[in-house]
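I have placed the structure first, in the form of structure tokens, so that the comments after it can refer back to it.
Only the coordinates and a few stated rules stand behind these numbers; no lab work does. Since we're looking at a predicted model, the values are computed, not measured. Here the Cβ positions follow ideal geometry from the backbone for every residue, glycine too, while neighbour counts run over all protein chains shown.
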Amino acid sequence: MSFLDAMAEASRQRLAAASRAHSEAALLAECASAPPPPPLALQGFGLIAEIKRASPAEGALEADTDVAGRAATYAGAGAAAVSVLTEPSRFHGSLEDLALAAKALRATGVPAMRKDFLVAPWQVLEARAAGAGGVLLILAMLEDCLVQEMVDTAREHGMFVLLEAFDERDLARAGKLVPASEGPPVLAGVNTRDLRTLDVDPGRLEALARSLPPGIPGVAESGILSPEDAAAAAALGYRLVLVGTALMRSPAPGALAREMIEHGTRVLG
């Protein structure tokens, strides 16, 4: 079983437990009563700054991080969105972290994004109830019909979607799945780390840049460690970068986030 398969199975087990403990009607009521999430603003070059306590590849990052304070720091540095890992077993995340970040971000106009191994629309609603304004969906672990249902669910609740791809086939699927109707944006991400094997291929960003679906903002994920890396991604045509480990390990995450945005913006002009 690959890492991605194991994470998908664990996610299905969490989903089963959550749906037994909580009715769909109650979850929908929580979504309806939650404040509307801030929209994702796409202006020039953007950063999705990530909060994660640990990762399977990097180990512990900052287990005792102040989630609300870090989210506010990212927003103050100009981040377009704040990604929050909610997977508990290998990333040590939780829905509580997501809720803390979303609450801290509410007054800033910056949305929180749930990053996890989501397998059902229920988990999209779970994210919305916790305050999220966006979700990440991993194309390699979902059939087209399920992706479409999850995208539709997210957009119906005012949430943007990041479709994560590992190869040309994933990107081709992303291009076909994006709704033609107006509404919260759908993004296409290229992850340099293949979550089936955990191997990193830094050349994947360049190799797949030409396969990004036209008209859909591209996001460079993983392997962005410096402002120069952000500039290189912008030069390849990516509109945003998603950065976690470098920011979590930086003694000055706000300054690093700001520099990444500035370097990418200079390239795009």
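Taking a quarter of the surface of the convex hull around the Cα atoms of the chain, what do you get in nm²?
Answer in nm², one decimal: 12.7.
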ask   = Given charges of +1 on the Cβ of Lys and Arg and -1 on the Cβ of Asp and Glu, with all other atoms neutral, how large is the dipole of segment 118-269 about its Cα centre, in debye to the nearest 20?
value = 260 debye
request  = Check cross-link reach from K176 to the lysines: straight Cα distance under 24 Å, and skip same-chain residues fewer than eight apart.
outcome  = K115
remark   = Under the Karplus relation with 6.51, -1.76 and 1.60 and θ = phi - 60°, whole-Hz ³J(HN,Hα) for segment 198-209, x at Gly and Pro, equal 6, 6, 10, 10, x, x, 5, 4, 6, 4, 9, 4
ask   = Out of every Cα pair in segment 18-75, what percent are spaced more than 14 Å from each other?
value = 74 percent
message = Sort 33-41, 21-29 by the packing proxy (mean of other Cβ within 10 Å over each peptide's residues), most packed first.
response = 33-41, 21-29
ask   = If you take the C-alpha gyration tensor of segment 119-269, multiply each eigenvalue by 5 and take the square root, what semi-axes do you get, largest first, in whole Å?
value = 25, 18, 15
Inter-probe distance in nm under a simple model that places probes 7 Å from Cα toward Cβ, at A41 and D199 = 4.2 nm
ask   = Distance from the Cα centre of segment 66-92 to that of segment 188-256, in angstrom?
value = 17 Å
message = Based on C-alpha coordinates, I'd like the Rg and Dmax of segment 41-139, in Å.
response = 12.7, 36
remark   = Here the alpha-carbon Rg of segment 173-258 over 2.2 N^0.38 Å rounds to 1.16
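Quick one: length gained pulling D66 to R210 fully straight, 0.36 nm per residue minus the C-alpha distance?
48.0 nm is the gain from fully extending D66 to R210.
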